[in-house]
Amino acid sequence: MKLQQLLYLAQVIECQLNISETARSLHTSQSGVSRSLGMLEDELGTQIFVRKENRLVGLTVAGTEIATVAKRMLQDAQIIQNIGRDLNANKGGKLTIATTHSHARYTLPAIIEKFMLRFPNAHIRLLQGNLGEITRWTLDGTADFLISTAPAEPLDGLVFIPCHESHRIIIVPAGHPLLAVKKITLRKLAEFPIIAYDQNFSMRSQLIEAFQREQLTPNIVLSAADSEVIKTYVRTGIGIAILARTVFDEAQDPGLKMIDARELFGQHKIYVGFRRKVHLSETLLYFVQLYAPKVLRQTIEAAVNQ
């Protein structure tokens, strides 16, 4: 039994038992995947898959248990690789962080600059995506950890530790009539066209929920996945935007003004998130300490190992 066989097993389950999709994702042939899975069943002396007309249609009872153990073995193998990578951090180790565009663009540059002074030969990889993508990358081991808001429902296999608070702002073009309003309400905002994040971003759903609680419907006229793109269209006068405070800098955003919106949308927490039982390398812990100095190492270790 080889790790490659376990990888094929885990990936075919991830691809919903589709052999051709599994082969594409692993950059190999369908026959190679099928042969590897067949050899694994022969070695174990039991059927892992339920088949119908040579197609995989489900897992046997034994297959379900085997798949669970295989996933754990692959995670342990990743931990072993991480340990080796950690020991060689000063020679060019790697750290992969899953986060949103906003954090990658606005909050992390100064942190990464300080980190590189300590580990000048290390390589940082930023994976940018929406909350669903970020959590998936962290769960499957593609990313070492995440920086983001937390999902509405707990996710098995991930732990989230709060580290910062932020709030929303309303971004408008200079001279916009909202700048003259002393107390802005959601009803007032509903009178204006809004440019928002697309439907894959949690901020979009939070925005809509806030309006719905007041039995209002926001007039969303344009959606985008990038705060810089959103600000570009605000400048054109197409609409206003509700964004995180971190994405606005008056010196770097000429032609735009911000209005504090914490009374309308409240505060929201930013988290660092980890896969349970993940190896916590010294480089990872050092980075988190730079980003969130109030989060103790012992807090992270206890949460991950719980």
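In order along the stretch 118-130, the phi-based Karplus estimate (6.51 cos²θ - 1.76 cosθ + 1.60, θ = phi - 60°) of 3J(HN,Hα) comes to 7, 10, x, 9, 6, 10, 9, 10, 9, 9, 9, x, 7 Hz; Gly and Pro are listed as x.
Let me have the 222 nm mean residue ellipticity of the chain computed from DSSP H runs of 4+ only, each contributing -39500 (n - 2.57), with the sum over all residues rounded to the nearest 500. Don't jump to the answer; show the numbers that get you there.
On the way: 12 runs with 129 residues, N = 306.
Counting only the DSSP helices, I get -12500 deg cm²/dmol.
Listing TYR197, TYR286 from fewest to most neighbouring C-beta atoms within 10 Å gives TYR286, TYR197. Annotation for the stretch 1-80: trypsin sites (Lys or Arg not before Pro) lying in DSSP loop with at most 16 further Cβ atoms inside 10 Å of their Cβ are LYS2. The trypsin sites (Lys or Arg not before Pro) of the stretch 125-190 that DSSP puts in a loop, and whose beta carbon has at most 11 other beta carbons within 10 Å, are LYS182, LYS183. Excluding same-chain neighbours fewer than eight residues apart, the aspartates and glutamates reachable from LYS71 by a Cα-Cα span under 13 Å are GLU14, ASP140. Each of [x] 76, 50, 33; [y] 57, 43, 41; [z] 55, 48, 38 is a candidate for Cα extents along the principal axes in Å; the one calculated from this structure is [x]. Under the criterion of Cα pairs below 8 Å and six or more residues apart, the relative contact order for the chain equals 20 percent. In sequence order, the stretch 146-151 has phi-based couplings of 10, 10, 5, 6, 9, x Hz under the Karplus curve 6.51 cos²θ - 1.76 cosθ + 1.60, θ = phi - 60°, and Gly or Pro positions carry x. Net charge of the neighbourhood of THR28, taken over other residues with C-beta under 13 Å away and scored Lys/Arg +1, Asp/Glu -1, is +1. The longest part of the chain holding none of the exposed loop GluC sites (Glu not before Pro), meaning those outside H, G, I, E and B in DSSP with at most 15 other Cβ atoms within 10 Å, is 54-190. Each principal axis of the Cα cloud of the stretch 98-168 was taken in turn, and the coordinate range along them, longest first, works out to 38, 31, 19 Å. Within the straight-line cut-off of under 16 Å between alpha carbons, the aspartates and glutamates reachable from LYS94 are ASP86, GLU113, ASP144, GLU282, sequence neighbours fewer than 8 places apart in one chain being disregarded. Each of LEU108, LEU9, LEU222 was scored by other Cβ atoms within 10 Å of its Cβ. Listed from fewest to most, they are LEU222, LEU108, LEU9. For the stretch 38-43, putting each phi into the Karplus relation 6.51 cos²θ - 1.76 cosθ + 1.60 with θ = phi - 60° gives couplings of x, 5, 5, 5, 4, 5 Hz, in residue order, rounded to whole numbers and with x for Gly and Pro.
Helix 3-14 and the long axis of the chain differ in direction by around 50°, with both axes built from C-alpha atoms.
In this simple spin-label approximation, MET116 and ARG187 carry label points 7 Å from Cα along the Cα→Cβ vector, and these lie 5.2 nm apart.
Arrange MET258, MET73 by Cβ neighbour counts within 10 Å, fewest through most, would you?
Fewest to most other Cβ atoms nearby, the residues stand as MET73, MET258.
All of the numbers you see were taken from the coordinates with simple rules; none came from a lab. All values reported here derive from a predicted model rather than from experimental measurement. Note that each Cβ is placed from the backbone with ideal geometry, even for glycine, and that neighbours are counted across all protein chains shown.
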